[in-house]
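Encoded as structure tokens, the structure appears first; notes follow it.
The values are calculated or read from the model by the stated rules, or taken from the named source; none is laboratory data. If you're wondering where the values come from, they're calculated on a predicted model, not measured in any experiment. A quick note on method: Cβ atoms are made from the backbone with ideal geometry, for glycine too, and the neighbour counts reach across all protein chains shown. Side chains included, ligands, DNA and RNA excluded: accessible areas come from the protein's heavy atoms. Shrake-Rupley method; radii C 1.70, N 1.55, O 1.52, S 1.80 Å.
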Amino acid sequence: MNELDQLVAEARAEFGQADAPADLENAKARYLGKAGRLTELLKGLAQLPPDEKKARGAAINVAKQQVEAALTERRQALADAELEQQLKAEALDVSLPGRKRGNAGLHPVTRTMERIEAIFASMGFDVADGPEIEADWFNFTALNTPADHPARSMHDTFYVEGGHLLRTHTSPMQIRHAVQHVKKHRALLDAGQPMPDIRVIAPGRTYRVDSDATHSPMFHQVEGLWVGENVSFKDLKSVYVSFLRAFFETDDMQIRFRPSYFPFTEPSAEIDMMFNSGPLKGRWLEVSGSGQVHPQVIRNMGLDPERYIGFAFGSGIDRLTMLRYGVNDLRLFFDGDLRFLSQFK
Ligand code: PHE
């Protein structure tokens, strides 16, 4: 093998060892660069006698072309390898089945809330919303609940920093909403003119230190309030009976108002219902507390109890949801198990 063939063979071997484009360019410089081996050989031609120059020049040029060809070939091979790798990394198997996006659905308790809102809206009730971290005044004091009332004991209430608490019921919304309403109609009241009735429901989360199959430390209630100059217990009965019939889509039930006690209503009643048919047939089920709003509470709303009267109720939304769907453990609603929840889609 002559010395030029040797050079070409060495160049091929070096190019072949270059695994990265930068290595290859360095190898190229060693042969074709300004001080590269082939370049030096070409420079050396100048010293040769004219008769040798031609043949030698031609031979060097052949070698140069071979080196350039080897370079081009290696460049292409590296580029191909890189592309191959990139394609592999980004590989898309178009024959795979598509990934299915599951359908979302509303939580059963949310469904119940929307259902309750729609039914009461059809009876002319507004829907109000209020804070879950509540001041003592709204949760207890304004609701005629004296400081030594059992409902205030640490056993029931989650207290938070700053003397506030997690509302133990939705009843604070009675005061909040009524005060807003009175403020809005201040001019009418001052002029001794009739104010539009307060007719509102307030659904939302409530909290008590309690946890078993039928109690969750976080639960849902809906408060109802109707206050005007001529609202009576009779209206409470007709509104609530209409609600239960619409909610359960049946008239085939009995409803009773059982005397009870709440500090913020007088008289007070527990509302019980019993289905005449179906799986829950024949059992009295407690669905709501209720009563005529206590005169002191009317006063705390900024109204004159000699002139304004009304009723309130507070119902358990989770309980209504359990009865409607036949669920026997309240905790299922809050465990977040999709096998349970997806049945309500
Ligand atoms: N707030 C009461 C409770 O949580 C229910 C209630 C509301 C009773 C309104 C009467 C009037 O037990």
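Given (1) hydrophobic (A, V, I, L, M, F, W, C); (2) farther than 30 Å from residue 179 by Cα; (3) free of Cβ contacts under 8 Å to residues at least 24 places away in the same chain, identify the lone condition not met by residue 67.
(3)
Which residue, of 55, 22, is of a type in the set (A, V, I, L, M, F, W, C) and modelled with pLDDT of 90 or more?
Among 55, 22, only 22 is of a type in the set (A, V, I, L, M, F, W, C) and modelled with pLDDT of 90 or more.
Is it the case, given these coordinates, that residue 60 is modelled with pLDDT of 90 or more and touching a Phe, Trp or Tyr at 6+ places or on another chain (Cβ under 9 Å)?
Here the answer is no, as residue 60 does not meet what is asked.
Across the stretch 281-316, what is the number of residues that are out of contact with any Pro (no Cβ under 6 Å at 6 or more places or on another chain) and either among the aliphatic types (A, V, I, L, M) or part of a loop (DSSP other than H, G, I, E, B) (or both)?
Of the residues in the stretch 281-316, 18 are out of contact with any Pro (no Cβ under 6 Å at 6 or more places or on another chain) and either among the aliphatic types (A, V, I, L, M) or part of a loop (DSSP other than H, G, I, E, B) (or both).
Taking the stretch 280-311 as the region of interest, how many residues are within 14 Å of the ligand (Cβ to nearest atom) and touching a strand residue (DSSP E or B) at 6+ places or on another chain (Cβ under 6 Å)?
Selection size over the stretch 280-311: 11.
Suppose we filter 129, 148, 93 for residues that are open to solvent by 40 Å² or more (accessible area, probe 1.4 Å), out of contact with any strand residue (DSSP E or B) (no Cβ under 6 Å at 6 or more places or on another chain), under 16 Å from residue 262 (Cα atoms) and in a loop (DSSP other than H, G, I, E, B); which single one remains? Talk me through it step by step, then tell me what you get.
Numbers: 129 fails: under 16 Å from residue 262 (Cα atoms); 93 fails: under 16 Å from residue 262 (Cα atoms).
Checking each option against the conditions leaves just 148.
Mind checking whether some residue in the stretch 305-315 is in contact with a Lys or Arg (Cβ under 6 Å, 6 or more places away or on another chain) and assigned by TED's automatic domain parsing to the domain that holds residue 182?
Step one: of the stretch 305-315, the residues in contact with a Lys or Arg (Cβ under 6 Å, 6 or more places away or on another chain) are 305.
Retained after the next criterion (residues that are assigned by TED's automatic domain parsing to the domain that holds residue 182): 305.
Looking for residues that are in contact with a Lys or Arg (Cβ under 6 Å, 6 or more places away or on another chain) and assigned by TED's automatic domain parsing to the domain that holds residue 182, one finds at least one in the stretch 305-315, hence yes.
Within the bounds of the stretch 153-169, is there any residue that is among the polar types (S, T, N, Q), within 16 Å of the ligand (Cβ to nearest atom) and surrounded by 17 or more Cβ atoms within 10 Å (Cβ to Cβ)?
Yes, that holds for at least one residue.
All but one of (1) hydrophobic (A, V, I, L, M, F, W, C); (2) in a strand (DSSP E or B); (3) within 14 Å of the ligand (Cβ to nearest atom) hold for residue 274; state the number of the condition that does not hold.
So the condition that residue 274 fails would be (3).
With respect to residue 261, is the statement that it is in a helix (DSSP H, G or I), over 22 Å from residue 330 (Cα atoms) and among the aromatic types (Phe, Trp, Tyr) true?
no
Which number in (1) within 16 Å of the ligand (Cβ to nearest atom); (2) open to solvent by less than 10 Å² (accessible area, probe 1.4 Å); (3) not in a strand (DSSP E or B) marks the one condition that residue 321 misses?
The number of the failed condition is (1).
Results for (1) of a type in the set (Lys, Arg); (2) modelled with pLDDT of 95 or more; (3) closer than 25 Å to residue 335 by Cβ, shown as yes or no for each residue.
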| site | (1), (2), (3) |
| --- | --- |
| 107 | no, yes, yes |
| 174 | no, yes, no |
| 177 | no, yes, no |
| 205 | yes, yes, yes |
| 219 | no, yes, yes |
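Every residue, every condition in (1) open to solvent by 60 Å² or more (accessible area, probe 1.4 Å); (2) away from the ligand (no atom under 16 Å from the Cβ), yes or no:
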| position | (1), (2) |
| --- | --- |
| 230 | yes, yes |
| 239 | no, no |
| 245 | yes, yes |
| 251 | yes, yes |
| 257 | no, no |
| 261 | yes, no |
| 278 | no, yes |
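Quick one: count up the residues across the stretch 1-38 that are free of Cβ contacts under 8 Å to residues at least 24 places away in the same chain and open to solvent by 40 Å² or more (accessible area, probe 1.4 Å).
Of the residues in that region, 17 qualify.
Inside the stretch 187-227, can you point out the residues that are surrounded by fewer than 23 Cβ atoms within 10 Å (Cβ to Cβ), among the small types (Gly, Ala, Ser) and not in a loop (DSSP other than H, G, I, E, B)?
187, 204
Under 29 Å from residue 245 (Cβ atoms), surrounded by 15 or more Cβ atoms within 10 Å (Cβ to Cβ), in contact (Cβ under 8 Å) with a residue 40 or more places away in the chain and in the same structural domain as residue 177 (by TED's automatic domain parsing): is that true of residue 290 in this structure? Outline the logic, then answer.
On the way: under 29 Å from residue 245 (Cβ atoms): yes; surrounded by 15 or more Cβ atoms within 10 Å (Cβ to Cβ): yes; in contact (Cβ under 8 Å) with a residue 40 or more places away in the chain: yes; in the same structural domain as residue 177 (by TED's automatic domain parsing): yes.
It is true that residue 290 is under 29 Å from residue 245 (Cβ atoms), surrounded by 15 or more Cβ atoms within 10 Å (Cβ to Cβ), in contact (Cβ under 8 Å) with a residue 40 or more places away in the chain and in the same structural domain as residue 177 (by TED's automatic domain parsing).
Quick one: count up the residues across the stretch 105-134 that are over 27 Å from the mean Cα position of the chain (by Cα) and among the small types (Gly, Ala, Ser).
Final tally of qualifying residues: 2.
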